[in-house]
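Trainee: This structure is in structure tokens; I'll ask about it shortly.
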Amino acid sequence: MNKLFSYLHTKSREEKFRLFVKLLKPTPAMHILNVGASGPNFAFAEQFESLYEHRDQVTGGGISLSEVRDYRRSFPGVKALVFDGLCTPLSRQELRRDLFQCSHR
């Protein structure tokens, strides 16, 4: 991969995370739903979960079983699910998350 692209991507992810924390002020008790989550084998290593210290409060997933498996392996402690955004395996109570994070590649 191009070194400049990799550097800029890392800086962009770090800045997005910094803004997420600054503006939304997540606490350790807050639940976060990460839509479009995947591990570094399908995306980049710099993911929300690689920076967020309370992974046990994060539920993440996406439409691909292989990406969700990679996500689960890469970020121990997260709850990883396959879903398409329209129909999720989460109950209404579980969908009442405090914060939503959307991952884009």
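What follows is calculated from the coordinates using simple rules that are stated; it is not laboratory data. Note that this is a predicted model, so its numbers are computed, not measured. Ideal geometry is used to build each Cβ from the backbone, glycine not excepted, and the neighbour counts take in all protein chains shown.
Trainee: Average projected area of the Cα convex hull of region 3-102, in nm²? Please list the in-between numbers first.
Mentor: Numbers: hull surface 25.5 nm².
Computing the convex hull of the Cα atoms and averaging its projections yields 6.4 nm².
Trainee: Between residue 87 and residue 55, take the C-beta separation as r, use R0 = 25 Å, and let me know the FRET efficiency to the nearest 0.05. All intermediate terms of the calculation are to be shown ahead of the outcome.
Mentor: Details: r = 25 Å, r/R0 = 1.00.
The calculated FRET efficiency here is 0.50.
Trainee: Let me ask something else about it. How would 84, 98 line up from fewest to most surrounding beta-carbon atoms within 10 angstrom? Present the calculation step by step, with values, prior to reporting the outcome.
Mentor: Values: 84 10, 98 13.
Fewest-to-most ranking of 84, 98: 84, 98.
Trainee: Mind giving me the nanometre distance, one decimal, between the label points for residue 22 and residue 94, set 7 Å out from Cα along Cα→Cβ?
Mentor: The modelled label-to-label distance comes out at 3.4 nm.
Trainee: Report relative contact order for region 3-102 in percent, whole number only (criteria: Cα-Cα under 8 Å, sequence separation at least 6).
Mentor: 31 percent
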